[in-house]
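What follows is one structure encoded as structure tokens, with my remarks underneath.
The values are calculated or read from the model by the stated rules, or taken from the named source; none is laboratory data. Bear in mind the structure is a predicted one, so any value in this text is a computation, not a measurement. So basically every Cβ, Gly included, is an ideal-geometry build from the backbone, and we count neighbours across all protein chains shown. Keep in mind that these areas ignore ligands, DNA and RNA; they rest on the heavy atoms of the full protein, side chains included. Shrake-Rupley method; radii C 1.70, N 1.55, O 1.52, S 1.80 Å.
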Amino acid sequence: MAQSKNEIKHHIKVHHPGKGQNNIEDAVLVEVKGKNNLPVSYYMDVESVICYENLCKIVPVRIIWNTIGEYQKYELAEGVALEKYEGEPYAEEDYSKTQKILLDGDSPFKSIRIDEILTTVKSHDIVDAVAGETLLELNEEDTVHGASLTCYTLWHWAHGPVVDKIKEVTASNFSSKEYVAYLNSGNRQKQLFAIAQLENKKIYTKNVLVALEKQTLAANELIRSSIQYLEKSEPTVYTSTLKTFLQEGNDVLSVASLQSLLNSKVPVTSNYVTSLSKLLSKEVTYQEVTLFIRLLKQQKNALYSTELVANFIPLLQKDILISRNVYWFLQDQNLTASQKNTLASFAKKHKNQL
């Protein structure tokens, strides 16, 4: 497990939950660079187990992550082996099982305290402080029998605060070009990483916005992060991109965009809401119509353009939940004679539902 010349050492301070609440220790995170001088992976050599009373064998284990802090694998130096309770060596299947446990970001070890792993059984005046027995029952697939403390220790190294440091280092290497590549990668976690870092760094370049818009229109999983990112942009960027979301996105994206506009302090003009009313010509849902009407009523102007009002009239032919909502909104608008007749006909037809 030697270090090569394309590696950079980062001296960091980290906390492991197994070492006490206030314990902070020095560690070395190694960044592995690729040919383009960008990070391709990270690793850190850690102790395999947190041992009390110096009664258990500690061996070094190398934890390896990708560029966004996702655990990949662990490695042991040649000739080094992991041990279980009372010195029993790891079997071959124990190594693969440990890998499976460490790959699970939602492992039970996430919420288990170390005192629930450890038992102190006095035998011949020796305190046995390794995870032989436990104070809790773990499913067989969730731990290596006799090595729960090792699994606990390595899991928290793999998924602990080191992950945030990795993201920080990767982001420090990136320009908008690399963020665009991550947005267009098709890898959901890389996309979410890119959006979070773009928000932190307040990067709103054209190439980034084009990629973000395209990918958000294609994936509902990005909607929440993308809109949160846009809410911190300049008003023109925010309103322009949300307009695209509303006009080209599905109902999930439309609802999220309308809710954002409702909660935002960014003012929208009469021309803006008129242009948005064109979305009413597509198959809109009750929730979209309701939120759009709330957005309109939130504006200072009591009356709206003839184009906007005209775009609402066809909705009187929709189901009663949508049409009734539209009817109540149109009652307060400046209508043409024809529109008034349409509204009156609707009221007559649905008088028992209004």
- Message: Step by step: first the residues of the range 217-232, then only those that are open to solvent by 20 Å² or more (accessible area, probe 1.4 Å) and either under 22 Å from GLN299 (Cβ atoms) or of a type in the set (Asp, Glu) (or both), then the one that is nearest to the chain's Cα centre (by Cα). Which residue is that?
- Response: GLU221
- Query: Do we find that GLY146 is among the small types (Gly, Ala, Ser), farther than 19 Å from GLY105 by Cβ, more than 18 Å from the chain's Cα centre (by Cα) and open to solvent by 10 Å² or more (accessible area, probe 1.4 Å) in this structure?
  - Reply: yes
- Item | Residue that is modelled with the lowest pLDDT [pool: residues in the range 68-87 that are over 22 Å from LEU29 (Cβ atoms) and charged (D, E, K, R)] | GLU86
- Restricting the search to the range 15-40, which residues are touching a Gly at 6+ places or on another chain (Cβ under 9 Å) and either among the aromatic types (Phe, Trp, Tyr) or modelled with pLDDT of 90 or more (or both)? VAL40
- Query: Which number in (1) in a helix (DSSP H, G or I); (2) in contact with a Phe, Trp or Tyr (Cβ under 9 Å, 6 or more places away or on another chain) marks the one condition that TYR204 misses?
  - Reply: (1)
- Message: I'd like to verify a number: residues in the range 281-320 that are open to solvent by 80 Å² or more (accessible area, probe 1.4 Å) and either closer than 17 Å to SER257 by Cα or modelled with pLDDT of 95 or more (or both), how many?
- Response: 6
- Note on the structure: Selection from the range 321-346 of residues of a type in the set (Val, Ile, Thr) and farther than 15 Å from GLU288 by Cα yields THR336, THR342
- Query: Going through the range 247-280 one residue at a time, which ones are at pLDDT 95 or above and either more than 21 Å from LEU222 (Cβ to Cβ) or touching a Gly at 6+ places or on another chain (Cβ under 8 Å) (or both)?
  - Reply: SER257
- Per-region count, the range 250-275, residues open to solvent by less than 10 Å² (accessible area, probe 1.4 Å) and under 29 Å from ARG188 (Cβ atoms): 6
- Item | Residue ID - modelled with the highest pLDDT, chosen from residues in the range 88-132 that are open to solvent by 80 Å² or more (accessible area, probe 1.4 Å) and under 18 Å from LYS57 (Cα atoms) | PRO89
- Query: Inside the range 265-302, can you point out the residues that are of a type in the set (A, V, I, L, M) and part of a helix (DSSP H, G or I)?
  - Reply: VAL273, LEU276, LEU279, LEU280, VAL289, LEU291, ILE293, LEU295, LEU296
